[in-house]
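S.K.: Here it is: the structure, laid out below.
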Amino acid sequence: MLAQTPPLGWNSWNTFGADIHEELIRETADVFASEGLLDAGYEYVVIDDLWEAPERVDGRLTWDAAKFPHGIPALAETIHSKGLKFGIYSCAGSYTCAGMPASFGYEEVDAQTFAEWGVDFLKYDFCYVPPGIDGPALYSRMGQALRATGRPILFSICEWGKHKPWEWGARAGGQMWRTTGDIHDAWDSIVRIGFEQQVGLEAYAGPGRWNDPDMLVVGMYGKGNVAHGGCTDAEYRSHFSLWCLLASPLMIGCDVRTMNQATRDILLNREAIAINQDPLGRQGYHVGQVSHGREIASAWAKPLEDGSIAVGLFNLGERQGRLATVAWESIGLHDRRRCRVRDLWSHADLGIFTREFSTRVDKHDVALLRITPIRD
Ligand code: GLA
């Protein structure tokens, strides 16, 4: 089954937008190996919008020859030779969001073309859908066309949550679906899309079917296509922690060729990635206010296969060093249960606790914990 665990990779849009070319994609693929991204599980290299030539040729999509002089199939081959998978972008309407030719009425021929090119992942957008056309039906159409190629192509539905794709995305053949509009490289965007708009969607996710709150902005620091002022390292850490707890696809959006150490420490945190990739495939849920009236800003919990529970305690407020607590009763554990607590950012065991665990969390930062009940 495709996407047994949430897909991990990189997408060109957040940083590069229109400014894509084959050299950039090759260099990015090289960095997957040299920076350890491949070893950490990142697999898909995805080209977003604006790879296309402005007109079809003989009814078929083709690439912008100035950006991809050796062609998309050769690029796919290079990416495959590095042990990676190759993703591309199209749209359910007549044009892509950036105004290039798209797949409405061409679903079969485009799916066939992508399969011939060696595509492993299709992100499928929702701009320029003719009026009166049923949106979800267009996704079923492309889902069917992809299936008919016989090539396993992960189908990434991108209709921004407009028609509740969590209710029909898997039936349409999708393995992931955007639940919101586009993310920006700014804390208020992370709060809105991540902390506010994902609440209650956890029942719809599982192996082969993931809610997608959009790509990561970690490491962008206010540079690139979706820049909106940028974030602090604490904010990027919170963003990544929440996406791991939400079992979201982790699609890196920064320029991986120039990552600084803080970005590496976030994107390559194996213990956080293990939470995201946990085989149980449960999406984390919002716990909210916990314990004896003490305020904590936002707590999220994700049950794991070994019986542990991953917990994120987020300080969404403006005060440094806010005391945050997770009470066992709020995550379904008995008060007297003895649990080991591990901090997944400092990579340290913090001890054995009953009833609750408290820690201080700085402004917009997170404590990401693995709470493991002891069998006694
Ligand atoms: C939409 C999508 C984005 C990106 C652009 C490309 O806005 O939501 O993720 O793919 O289109 O034009």
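S.K.: For segment 336-346, does any single residue satisfy the condition of being assigned to a loop (DSSP other than H, G, I, E, B) and of a type in the set (Val, Ile, Thr)?
M.R.: Here is the first cut: in segment 336-346, the ones assigned to a loop (DSSP other than H, G, I, E, B) are 336-338, 344-346.
From what is left, the residues that are of a type in the set (Val, Ile, Thr) are none.
For segment 336-346, residues assigned to a loop (DSSP other than H, G, I, E, B) and of a type in the set (Val, Ile, Thr): absent.
S.K.: Sticking with this one: What is the residue count in segment 157-178 for residues that are away from the ligand (no atom under 16 Å from the Cβ), charged (D, E, K, R) and over 14 Å from Gln198 (Cβ atoms)? Talk me through it step by step, then tell me what you get.
M.R.: Residues of segment 157-178 that are away from the ligand (no atom under 16 Å from the Cβ), as a first pass: 164, 166-168, 170-173, 175.
Adding the requirement that they be charged (D, E, K, R) leaves 164, 167, 171.
Filter once more, keeping what is over 14 Å from Gln198 (Cβ atoms): 167, 171.
Of the residues in that region, 2 qualify.
S.K.: Tell me the residue from Thr62, Thr78 that is β-branched (Val, Ile, Thr) and over 15 Å from Leu24 (Cβ atoms), please.
M.R.: On the way: Thr78 fails: over 15 Å from Leu24 (Cβ atoms).
Going through Thr62, Thr78 in turn, just one is β-branched (Val, Ile, Thr) and over 15 Å from Leu24 (Cβ atoms): Thr62.
S.K.: Another question, if that's okay. Tell me which of these Gly181 doesn't satisfy, since it passes every other one: (1) part of a loop (DSSP other than H, G, I, E, B); (2) away from the ligand (no atom under 15 Å from the Cβ); (3) of a type outside the set (Ser, Thr, Tyr); (4) loosely packed, with under 15 Cβ neighbours inside 10 Å.
M.R.: Every condition holds for Gly181 apart from (2).
S.K.: Hey, another quick one. How about segment 116-133: which of its residues are within 17 Å of Ala102 (Cβ to Cβ) and more than 15 Å from the ligand (Cβ to nearest atom)?
M.R.: Trp117, Val119, Pro130, Pro131, Ile133 - these are the residues of segment 116-133 that are within 17 Å of Ala102 (Cβ to Cβ) and more than 15 Å from the ligand (Cβ to nearest atom).
S.K.: Same structure, new question: Suppose the filter is more than 16 Å from the ligand (Cβ to nearest atom), more than 26 Å from Gly143 (Cα to Cα), within 16 Å of the chain's Cα centre (by Cα) and not in a loop (DSSP other than H, G, I, E, B); does Ser189 pass it?
M.R.: Values: more than 16 Å from the ligand (Cβ to nearest atom): no; more than 26 Å from Gly143 (Cα to Cα): yes; within 16 Å of the chain's Cα centre (by Cα): yes; not in a loop (DSSP other than H, G, I, E, B): yes.
Considered against the rule, which asks whether it is more than 16 Å from the ligand (Cβ to nearest atom), more than 26 Å from Gly143 (Cα to Cα), within 16 Å of the chain's Cα centre (by Cα) and not in a loop (DSSP other than H, G, I, E, B), Ser189 comes out as no.
S.K.: Can I ask one more? Output the residue which, of all residues in segment 217-249 that are assigned to a loop (DSSP other than H, G, I, E, B) and of a type in the set (A, V, I, L, M), is surrounded by the most Cβ atoms within 10 Å (Cβ to Cβ). Give the derivation first.
M.R.: Of segment 217-249, the ones assigned to a loop (DSSP other than H, G, I, E, B) are 217-226, 228-232, 246-249.
Filter again for of a type in the set (A, V, I, L, M), leaving 217-218, 220, 226, 246-247.
Details: Val217: 30, Val218: 26, Met220: 25, Val226: 19, Leu246: 28, Ala247: 25.
Filtering segment 217-249 for residues that are assigned to a loop (DSSP other than H, G, I, E, B) and of a type in the set (A, V, I, L, M), the one surrounded by the most Cβ atoms within 10 Å (Cβ to Cβ) comes out as Val217.
All of the numbers you see were taken from the coordinates with simple rules; none came from a lab. If you're wondering where the values come from, they're calculated on a predicted model, not measured in any experiment. Methodologically, a virtual Cβ is constructed for each residue, glycine included, from the backbone with ideal geometry; neighbour enumeration extends over all protein chains shown.
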